[in-house]
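Asker: Sending over a structure as structure tokens; questions will come in a sec.
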Amino acid sequence: MGIYAIRRKYSWFFINPVALIPALWVMPYMWFQGILVLIIKLIAVRAVGVVRYEKYVTPAVSGAILGYGAPYLFTGLAQFFMNVLPKIYSLYVP
């Protein structure tokens, strides 16, 4: 609750309380990448400004993340419909 209060009072506080829980769970494995990305983000925001960062960088990064994750989504859906559903239907006996 303290981080919510700090984030509400000081808008410049960069730690998102909602993202803190999964970040702490993953942190033993990926702490260096997290710190590196945070430093890159802070440099980028200070270099281009908040408005340009939100206008150009956020959509580019979102597109890169979706482009990286979309094949996994389609592969998972294909596996579900080609392998899992037929096995479930074969076990169903009315």
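Derivation of every value follows stated rules applied to the coordinates shown; laboratory data play no part. If you're wondering where the values come from, they're calculated on a predicted model, not measured in any experiment. Virtual Cβ from ideal backbone geometry, glycine too; neighbours counted across all protein chains shown.
Asker: Report ³J(HN,Hα) in whole Hz for each residue of the stretch 21-31, in order, from the Karplus equation J = 6.51 cos²θ - 1.76 cosθ + 1.60 where θ = phi - 60°; Gly and Pro get x.
Answerer: 5, x, 5, 5, 6, 8, 4, x, 9, 10, 5
Asker: In whole Hz, what ³J(HN,Hα) sequence does the stretch 33-49 give by Karplus (6.51, -1.76, 1.60; θ = phi - 60°), x for Gly and Pro?
Answerer: 5, x, 5, 4, 5, 4, 5, 4, 5, 5, 5, 5, 5, 6, 6, 9, x
Asker: Would you kindly derive the ³J(HN,Hα) couplings of the stretch 6-11 from the backbone phi angles with the Karplus curve 6.51 cos²θ - 1.76 cosθ + 1.60 (θ = phi - 60°), listing them in order in whole Hz, with x for Gly and Pro?
Answerer: For the stretch 6-11, the Karplus curve yields 5, 5, 5, 7, 10, 5 Hz.
Asker: If R0 is 22 Å, what FRET efficiency do you get for Ile39 and Ile6 from their C-beta distance, rounded to 0.05?
Answerer: E between Ile39 and Ile6, to the nearest 0.05, is 0.60.
Asker: Can you give me the convex hull volume of the Cα atoms of the stretch 8-94, divided per residue and expressed in Å³?
Answerer: Spelled out: Cα convex hull of the stretch 8-94, divided by residues, is 186 Å³.
Asker: Let me ask something additional. Grab the beta carbon distance between Trp25 and Arg52, set R0 = 35 Å, and tell me the FRET efficiency rounded to 0.05.
Answerer: The value I calculate is 0.60.
Asker: Now, a different point. In deg cm²/dmol, rounded to 500, what helix-only [θ] at 222 nm does the chain give when every DSSP H run of at least 4 residues adds -39500 (n - 2.57) and the total is split over its residues?
Answerer: -24500 deg cm²/dmol
Asker: In nm, to one decimal, how far is the modelled label at Phe13 from the one at Val93, with both set 7 Å along Cα→Cβ?
Answerer: 6.1 nm
Asker: Explain nothing, just the number: dipole magnitude of the chain about its Cα centre with +1 on each Lys and Arg Cβ and -1 on each Asp and Glu Cβ, in debye rounded to the nearest 20. Mind showing how you got there, number by number?
Answerer: Values: 8 positive and 1 negative charges, 75 e Å.
With Lys and Arg at +1 and Asp and Glu at -1, about 360 debye.
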